[in-house]
1. Could you grab me the full set of residues in segment 126-154 that are free of Cβ contacts under 8 Å to residues at least 60 places away in the same chain and over 23 Å from ASP53 (Cα atoms)?
2. Here are the criteria: (1) within 16 Å of GLY105 (Cα to Cα); (2) aliphatic (A, V, I, L, M); (3) modelled with pLDDT under 90. Tell me which single one ALA22 does not satisfy.
3. How many residues, within segment 68-125, are without any contact (Cβ under 8 Å) to a residue 12 or more places away in the chain, of a type outside the set (A, V, I, L, M, F, W, C) and either within 27 Å of VAL178 (Cα to Cα) or assigned to a loop (DSSP other than H, G, I, E, B) (or both)?
4. When you scan segment 135-147, how many residues do you find that are buried (at least 18 other Cβ atoms within 10 Å of the Cβ), farther than 22 Å from VAL28 by Cβ and either of a type outside the set (Gly, Ala, Ser) or more than 25 Å from the chain's Cα centre (by Cα) (or both)?
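The values are calculated or read from the model by the stated rules, or taken from the named source; none is laboratory data. Note that the structure is a prediction, hence the values are computed from the model and not measured. Cβ atoms come from the backbone with ideal geometry, glycine included; neighbour counts cover every protein chain shown.
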Amino acid sequence: MAAGNKPQQDGASAPFFASDSAWPDDLVQVGHILDAWGVKGWFKVQAYSNQGDALFSAKRWFLKGVGPKAGQRELKILALREHGEGLVASADGIDDRNGAEALRGFELWISRADFPRAGDGEYYWVDLIGLDVVNREGQALGRVIGLIDTGPHAVLRILPPGIEEPAKPDQEKLIPFVGAFVDDVSLEARQIRVDWGLDY
């Protein structure tokens, strides 16, 4: 069904879109759908890392399926709340357990514009990926290609200059994203300055 058509209200047969041409161009993957919850169309959500807060501020979620569930869908979120260590949500047009079960395994994306403003000294991972990393001596250490959540703090995954992705684990530099090592983060300059040597 085309993206411009009016969604059906039957949760079990709600439409999946064939094209994402009308979707925002700043979508960020923030989690995935785990399973149905209850019998009234609610479903469980697994949020990724520190981006879970963004789900509470976004009223439109975009789903992408892979493999046998290939397809795309936009959801209008009616309610979202914490449940145990996860989240449960309800959406317009998902009215029964069958409809919720049909969403199982779909990737969950939202617009970066819907993220709440980060606090002072706080950053969303998506904004750090791609930034250049230099040390106090002005030496280029590489580019952020990802982060690792260790619990107490995050760790930057740095791809050194001259190495192409995908890099082997022993080729990456790992720098804890804590004040002891990170001097400054400039999203405008797209650069992170750290207290870290080339040979560390």
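1. So the first thing to find is which residues in segment 126-154 are free of Cβ contacts under 8 Å to residues at least 60 places away in the same chain, and the list is 129, 136-146, 148, 150-153.
Within segment 126-154, ARG136, GLU137, GLY138, GLN139, ALA140, LEU141, GLY142, ARG143 qualify.
2. With (1) within 16 Å of GLY105 (Cα to Cα); (2) aliphatic (A, V, I, L, M); (3) modelled with pLDDT under 90 applied to ALA22, the lone miss is (1).
3. Selection size over segment 68-125: 7.
4. Residues in segment 135-147 being buried (at least 18 other Cβ atoms within 10 Å of the Cβ), farther than 22 Å from VAL28 by Cβ and either of a type outside the set (Gly, Ala, Ser) or more than 25 Å from the chain's Cα centre (by Cα) (or both): 2 in total.
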